[in-house]
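Only the coordinates and a few stated rules stand behind these numbers; no lab work does. None of the values given here were measured: they were computed from a predicted structure. All Cβ positions, glycine included, derive from the backbone under ideal geometry; neighbour counts span all protein chains shown.
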Amino acid sequence: MLTVEKLNQYYGESHTLWDLELQVPEGACTVLMGRNGVGKTTLLQCIMGLLKARDGMIRYQGQNLLPVSAEKRANLGIGYVPQGRQIFPLLTVEENLLIGLPARRDRASRIPAFIFELFPVLKAMLGRRGGDLSGGQQQQLAIGRALVLDPKLLILDEPTEGIQPNIVAEIGDIIRRLNQDTGLTVLLVEQKLPFARRVGDRFCILDRGRQVADGAMDTLDDGLVQRYLTV
């Protein structure tokens, strides 16, 4: 579904992504892994058009994404949950969710009912401001906002960061449900190895801006973990 080929990116004179390769198969949950600062978030921002790639290729369902604006990438069916959630704190829960509707291809005008089936707490807090929610509730809101646009590919950047364990477990259940029951393709950046093993079908490890290993999650062995993931 998503293919990244020989992608290069820079911050000033610093070369941050080096001929990076990534394959995200349709219907799978692919987990992007690596220590802090290896380029995981930079890669996601390039995929979403928030950073302009210096060179290389990003294809989504066969279409070259590089000339497509960030706003129009959402219209293509790509949902994005950024690191740190980035909900609108002064808007209500309902207003945060409504923001995703214009990107839907069917032009629906109401929040889909399944959002509240996945996240009942959001229905109970529709009139509450986003900034008044707990960290776990804000993360659920951020995921719900991305799902409102009816994506075919859902990209999540460390959705368990700073979240209490019971909500982490719920988020894991929801990712697996969306992936396995509805066929939603997922690309996930995750630092917590047990969570990654639980939800992921495939892994891709980055180190110093390069892909150094990838494969089926059940082939992620202790040697790779020790070399590239252990702090």
From the backbone phi of the range 159-168, what are the Karplus-calculated ³J(HN,Hα) couplings (6.51 cos²θ - 1.76 cosθ + 1.60, θ = phi - 60°) in whole Hz, Gly and Pro given as x? x, 9, 5, x, 10, 5, x, 5, 6, 4
Under 5 Å between amide H atoms, partner at least 5 residues away or on a different chain: which partners does G215 have, H built in plane at 1.01 Å? F203
Set the Förster radius R0 to 35 Å, insert the Cβ-Cβ distance between E95 and L66 as r into 1/(1 + (r/R0)^6), and round the FRET efficiency to 0.05. 0.60
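To the nearest µm²/s, what D does Stokes-Einstein give for the range 114-231 at 20 °C and 1.002 mPa s, using the Kirkwood radius over alpha carbon pairs as Rh? Provide the component values of the computation, followed by the final result.
Working: Rh = 15.6 Å.
Reported coefficient: 138 µm²/s.
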Pairs on different chains or at least eight residues apart, Cα atoms closer than 19 Å: how many lysine pairs in the chain fit? 6
Go ahead and estimate [θ] at 222 nm for the chain from helices alone: -39,500 (n - 2.57) per DSSP H run with n ≥ 4, summed, over the residue count, rounded to 500. -8500 deg cm²/dmol
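Once Rh is set to the Kirkwood radius over Cα pairs, what Stokes-Einstein translational diffusion coefficient, in µm²/s, holds for the range 46-194 at a temperature of 4 °C and a viscosity of 1.567 mPa s? Present the calculation step by step, with values, prior to reporting the outcome.
Values: Rh = 15.9 Å.
Reported coefficient: 82 µm²/s.
Which percent, nearest 5, of DSSP beta bridges in the range 2-229 are antiparallel?
Details: 21 of 38 bridges.
Antiparallel bridges make up about 55 percent of those DSSP assigns within the range 2-229.
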Could you give me the ³J(HN,Hα) list for the range 116-133, computed from phi with Karplus coefficients 6.51, -1.76, 1.60 and θ = phi - 60°, whole Hz, x at Gly and Pro? 7, 6, 6, 10, x, 4, 5, 5, 6, 10, 3, x, 8, 5, x, x, 8, 7
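How high is the relative contact order of the chain? Use alpha-carbon pairs under 8 Å, at least six apart in sequence, and give a whole percent.
Details: 434 pairs, mean separation 67.1, N = 231.
Contact order relative to length: 29 percent.
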Going by alpha carbons, how many degrees (0 to 90, nearest 10) lie between the helix axis of 135-148 and the longest principal axis of the chain? 90
Hz values of 3J(HN,Hα) by residue in the range 17-33 - Karplus curve (6.51, -1.76, 1.60), Gly and Pro given as x: 10, 10, 6, 6, 10, 8, 10, 10, x, 5, x, 9, 9, 9, 9, 8, 10
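Can you give the relative contact order of the range 102-231 as a percent, counting alpha carbon pairs under 8 Å and 6+ residues apart? The partial results should precede the final answer.
Values: 100 pairs, mean separation 22.8, N = 130.
It rounds to 18 percent for the range 102-231.
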